[in-house]
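One structure is given below, encoded as structure tokens.
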Amino acid sequence: MTEKRRVVITGIGAVSPNGIGTRNFWDATRRGVSGIGRITRFDCTDFAVQVAGEVKNFNEDDYVAPKDRPHVSRVTPLAIAAVQEAVEMAGFDPSAMTRDELRQIGVIVGSGGGSHEFTEEQYRLYHTGKWRQCSVYVVPTSTIGTLASEISMRFGFRGLSHVISTGCTSSTDAIGYAYRHIQSGMMDTMIAGGVDAPIAPLILRGFMAMRILASKWNDDPQRASRPFSRDREGFVIAEGSWFFVLEDRDRALARGAPILGEIAGYGSTCEAYHRVRLEECGEEPARAIGLALEEAGVGPEQIGYIHYHGTSTELNDRIETRAVKLAFGGHAFKLPGSSLKSLIGHPQGACGAAGIAATLFAMRDGVLPPTANVAVPDPECDLDYVTEPGRRVDFEYAVANCIAFGSKNSAMVLKKHS
């Protein structure tokens with residue numbers, strides 16, 4: 001193709017610690033309502049870290065038959081719930097589609113850990129002498145690629161069915177790859193987003209061993225995630241699911257679909273530096289943003305909002321701030337931005353999709369969500385992190401940024417549809 005197709009988002013689904021369903025998620029987010037609390041999934045009384053962003057009051061049996069539930073990870077019902085909402089919002093009814101129509105819908109899932117909590121439970125059963133209770137599907141369910149198949153099988157989508165697992169950038173990259181498939185003309189419709197459910201004993205222990213979790217707020221969980229605040233000490237582990245329907249713009253307009261925003265650019269880089277640390281200079285995260293801006297054909301000064309990765313670790317927040325200054329120059333100090341992780345914690349590979357969802361709603365309503373708990377100014381984090389809820393700003397373009405283990409960086413430019 002000589003001309004790339006424009007790609008729009010026509011459906012969003014959300015299952016978040018601070019709200020199930022997009023309406024509840026966005027209402028809580030714009031008002032700065034936290035979904036972080038004490039861990040209830042398992043007994044954590046002997047853990048130094050006892051807080052997480054859990055999705056409470058979520059009925060898994062509504063999305064996975066009770067007979068199948070022991071054989072799939074929690075990520076499966078979380079993903080199906082969000083996809084179902086996104087598909088309904090977009091005006092699709094898969095049950096009424098022909099086989100040929102279903103062949104034109106692909107699925108790309110971003111997930112950092114996939115079914116790790118399921119696999120951890122299978123090993124627990126095995127090593128405590130309860131191996132007969134292990135699922136007969138321990139191997140396929142523990143294989144991360146099966147996650148996309150669970151979605152395809154549930155809805156009958158017969159296009160490509162892939163999983164992207166690039167750490168914290170997984171869902172941004174999944175949406176980016178879906179964008180490329182439509183942009184190039186390979187597909188007309190894609191289901192893309194992210195899901196993770198890492199709240200399990202061994203996973204928690206692993207992050208504790210790296211000393212990157214917040215441990216001083218067990219008695220005040222909603223204050224635990226403190227991006228850009230000088231007294232931050234680490235992130236809060238979380239779960240959740242955010243999915244989108246992506247379509248060729250012309251086809252979406254032709255069928256009268258609701259258009260929630262447009263993907264205008266995507267960029268991704270790797271520092272090739274370290275398994276978990278970021279390079280101090282911030283050049284590669286800045287370059288990922290620059291690549292996305294270049295593809296979108298917009299200058300830094302045209303961006304009206306940035307959704308930060310904003311993990312609440314000392315290293316990430318400081319270097320991400322530096323990267324934004326490199327990417328935007330003097331405009332960085334005029335650019336409002338916020339981190340959803342202050343309200344929901346860090347849902348690992350799903351965090352990029354969560355930020356994109358929040359950004360699209362902020363763009364639609366002209367209301368920026370806040371960064372909670374920025375209590376102590378950090379001289380090295382000196383940009384506008386939108387600390388008050390409900391700031392009104394109209395903007396046409398936004399950047400959603402992500403940074404991952406393994407030196408990966410991904411950024412997406414979103415455009416208000418007009």
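The values are calculated or read from the model by the stated rules, or taken from the named source; none is laboratory data. Just so it is clear, the model here is predicted, and its values are computed rather than measured. Every residue, glycine among them, receives a Cβ derived from its backbone with ideal geometry; neighbour counts consider all protein chains shown.
Can you confirm whether the range 155-163 contains a residue that is under 24 Å from residue 402 (Cβ atoms), modelled with pLDDT of 95 or more and surrounded by 24 or more Cβ atoms within 10 Å (Cβ to Cβ)? Steps first, answer last, please.
So the first thing to find is which residues in the range 155-163 are under 24 Å from residue 402 (Cβ atoms), and the list is 160-163.
Checking the rest, the ones that are also modelled with pLDDT of 95 or more come to 160-163.
Okay, now just the ones that are also surrounded by 24 or more Cβ atoms within 10 Å (Cβ to Cβ), so none.
Within the range 155-163 (the criterion being under 24 Å from residue 402 (Cβ atoms), modelled with pLDDT of 95 or more and surrounded by 24 or more Cβ atoms within 10 Å (Cβ to Cβ)), the answer is no, since none of the residues qualifies.
Condition check: assigned to a helix (DSSP H, G or I), farther than 30 Å from residue 115 by Cα and touching an Asp or Glu at 6+ places or on another chain (Cβ under 9 Å). Does residue 287 satisfy that? So that I can check it myself, show each step before the final result.
On the way: assigned to a helix (DSSP H, G or I): yes; farther than 30 Å from residue 115 by Cα: yes; touching an Asp or Glu at 6+ places or on another chain (Cβ under 9 Å): no.
The answer is no for residue 287.
Just to verify a result, which residue in the range 100-150, among those that are farther than 24 Å from residue 165 by Cβ and among the charged types (D, E, K, R), is nearest to the chain's Cα centre (by Cα)?
By that ranking, first place goes to 103.
Looking only at helices (runs of 4 or more DSSP H) that lie completely in the range 309-403, which have at least 2 residues being closer than 29 Å to residue 191 by Cβ, of a type in the set (A, V, I, L, M, F, W, C) and at pLDDT 95 or above? Steps first, answer last, please.
Values: elements: 314-328, 341-344, 351-365.
Ranges flagged: 341-344, 351-365.
Looking only at residues that are assigned to a helix (DSSP H, G or I) and among the aliphatic types (A, V, I, L, M) in the range 185-203, which one is farthest from the chain's Cα centre (by Cα)? Let's see the steps before the verdict.
Filtering the range 185-203 for residues assigned to a helix (DSSP H, G or I) gives 201-203.
Then drop every residue that is not among the aliphatic types (A, V, I, L, M), which leaves 202-203.
Numbers: 202: 22, 203: 19 Å.
If we take residues in the range 185-203 being assigned to a helix (DSSP H, G or I) and among the aliphatic types (A, V, I, L, M), then 202 is farthest from the chain's Cα centre (by Cα).
Check the range 204-221 and report whether any residue there is closer than 29 Å to residue 412 by Cα, of a type outside the set (Asp, Glu) and assigned to a helix (DSSP H, G or I).
Looking for residues that are closer than 29 Å to residue 412 by Cα, of a type outside the set (Asp, Glu) and assigned to a helix (DSSP H, G or I), one finds at least one in the range 204-221, hence yes.
Quick check, is residue 230 surrounded by fewer than 24 Cβ atoms within 10 Å (Cβ to Cβ), on the phi > 0 side of the Ramachandran plot and among the basic types (Lys, Arg)? Spell out the reasoning first.
On the way: surrounded by fewer than 24 Cβ atoms within 10 Å (Cβ to Cβ): yes; on the phi > 0 side of the Ramachandran plot: no; among the basic types (Lys, Arg): yes.
Answer is no for this residue.
Can you confirm whether the range 56-67 contains a residue that is in a strand (DSSP E or B), out of contact with any His (no Cβ under 6 Å at 6 or more places or on another chain) and either farther than 26 Å from residue 311 by Cα or not basic (Lys, Arg) (or both)? I'd like the intermediate steps shown before the answer.
Initially, the range 56-67 is screened for residues in a strand (DSSP E or B), giving none.
No, every residue in the range 56-67 fails to be in a strand (DSSP E or B), out of contact with any His (no Cβ under 6 Å at 6 or more places or on another chain) and either farther than 26 Å from residue 311 by Cα or not basic (Lys, Arg) (or both).
Listed residues 254, 264; which is without any contact (Cβ under 8 Å) to a residue 12 or more places away in the chain, among the small types (Gly, Ala, Ser), farther than 30 Å from residue 72 by Cβ and out of contact with any Cys (no Cβ under 6 Å at 6 or more places or on another chain)?
Working: 264 fails: without any contact (Cβ under 8 Å) to a residue 12 or more places away in the chain.
Going through 254, 264 in turn, just one is without any contact (Cβ under 8 Å) to a residue 12 or more places away in the chain, among the small types (Gly, Ala, Ser), farther than 30 Å from residue 72 by Cβ and out of contact with any Cys (no Cβ under 6 Å at 6 or more places or on another chain): 254.
Limited to the range 135-154, what total is found for residues that are crowded, with 16+ Cβ neighbours inside 10 Å and free of Cβ contacts under 8 Å to residues at least 24 places away in the same chain? Can you show your working first?
First, pick out the residues of the range 135-154 that are crowded, with 16+ Cβ neighbours inside 10 Å: 135, 137-138, 141-142, 144, 146-152, 154.
Filter again for free of Cβ contacts under 8 Å to residues at least 24 places away in the same chain, leaving 138, 149.
Qualifying residue count, the range 135-154: 2.
If residue 163 satisfies every condition in (1) assigned to a helix (DSSP H, G or I); (2) under 30 Å from residue 101 (Cβ atoms) but one, which is the exception?
Here residue 163 meets the rest and fails (1).
Output the residues belonging to the range 193-217 that are of a type in the set (Gly, Ala, Ser) and without any contact (Cβ under 8 Å) to a residue 40 or more places away in the chain.
So the first thing to find is which residues in the range 193-217 are of a type in the set (Gly, Ala, Ser), and the list is 193-194, 197, 200, 206, 209, 214-215.
Those that are of a type in the set (Gly, Ala, Ser) and without any contact (Cβ under 8 Å) to a residue 40 or more places away in the chain: 206, 209.
Does residue 241 count as modelled with pLDDT of 95 or more, assigned to a strand (DSSP E or B) and polar (S, T, N, Q)? Write out each step before concluding.
Working: modelled with pLDDT of 95 or more: yes; assigned to a strand (DSSP E or B): yes; polar (S, T, N, Q): yes.
So residue 241 fits the description; yes.
So residue 205 ticks every box in (1) touching an Asp or Glu at 6+ places or on another chain (Cβ under 8 Å); (2) surrounded by fewer than 18 Cβ atoms within 10 Å (Cβ to Cβ) but one. Which box is left unticked?
For residue 205, the exception is condition (1).
Which residue is farthest from the chain's Cα centre (by Cα), if the candidates are limited to the range 166-184 and must be in a helix (DSSP H, G or I) and more than 21 Å from residue 103 (Cβ to Cβ)? Give the steps one after another, and end with the answer.
Restricting attention to the range 166-184, the residues satisfying the condition of being in a helix (DSSP H, G or I) are 170-183.
Next cut, more than 21 Å from residue 103 (Cβ to Cβ) only: 170-173, 175-176.
Working: 170: 8, 171: 6, 172: 7, 173: 10, 175: 10, 176: 12 Å.
Among those that are in a helix (DSSP H, G or I) and more than 21 Å from residue 103 (Cβ to Cβ), it is 176.
For the range 252-262, give me each residue that is outside any loop (DSSP other than H, G, I, E, B) and touching a strand residue (DSSP E or B) at 6+ places or on another chain (Cβ under 8 Å). Break it down into steps so the answer makes sense when it comes.
Step one: of the range 252-262, the residues outside any loop (DSSP other than H, G, I, E, B) are 252-254, 261-262.
Result: 252, 261, 262.
Could you tell me whether the range 132-142 includes any residue that is basic (Lys, Arg) and in a loop (DSSP other than H, G, I, E, B)?
Of all residues in the range 132-142, those basic (Lys, Arg) come to 132.
Filter once more, keeping what is in a loop (DSSP other than H, G, I, E, B): none.
For the range 132-142, residues basic (Lys, Arg) and in a loop (DSSP other than H, G, I, E, B): absent.
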